[in-house]
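Quick notes on the structure that follows.
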Amino acid sequence: MTMDATLSGHLQELRRGTVVVASLTVLREPGYGYSLLETLSAAGFEVEANTLYPLLRRLESQGLLTSSWNTDEARPRKFYRTTEQGDAIAAALRGEWMRLDKAIGDLDTPDSGPGGDAADGTRDHTPGGTSSGSE
């Protein structure tokens, strides 16, 4: 497996859950599938219709979304909106996302190991950073 294929697989896995959070966040206001696709795409979420529509049906079956048909226009559209439970799940997922983002950021800093030591254990523990023995 090439690095590009490996990265692509990991990116797909990472994005999979973010589409759920993004969809639940956007659908706090009623929206139909195609408008959701456009909104997500404009925000930088790469999702295809053949992925999004089954996701919307699954979220609805889980009680996180509700849907209704709007037949006022020439072309009927199915509008989705989060339920109270969907709003609560979205808030919890966004909170966890922020917690994980902070945790990864903390891991990425030089002083992120136990006790504030560098993760690789290479920090110099001598006063003044030298081991000359004179004070």
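Any read-out appearing in this document is the output of simple, stated calculations on the displayed coordinates, not a laboratory observation. What you are looking at is a predicted structure, and each value in this text was computed from that prediction instead of being measured. Positions of Cβ are generated from backbone atoms using ideal geometry, with glycine treated the same way; all protein chains shown enter the neighbour counts.
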Figure the gain on full extension for residue 20 and residue 75 (residue separation times 0.36 nm, minus the Cα-Cα span) and round it to one decimal in nm.
17.1 nm
Show me 30-42, 90-102 ranked by packing, highest mean number of other Cβ atoms within 10 Å first.
30-42, 90-102
Amide H neighbours of residue 32 at under 5 Å, excluding residues fewer than 5 places away on the same chain, with H built from the backbone geometry, are 80
Quote to one decimal, in nm, the extra length available between residue 51 and residue 39 on full extension: 0.36 nm per residue of separation minus the C-alpha distance between them.
2.8 nm
Can you compute the modelled spin-label distance between residue 104 and residue 67, with each label point 7 Å from Cα toward Cβ, in nm?
3.1 nm
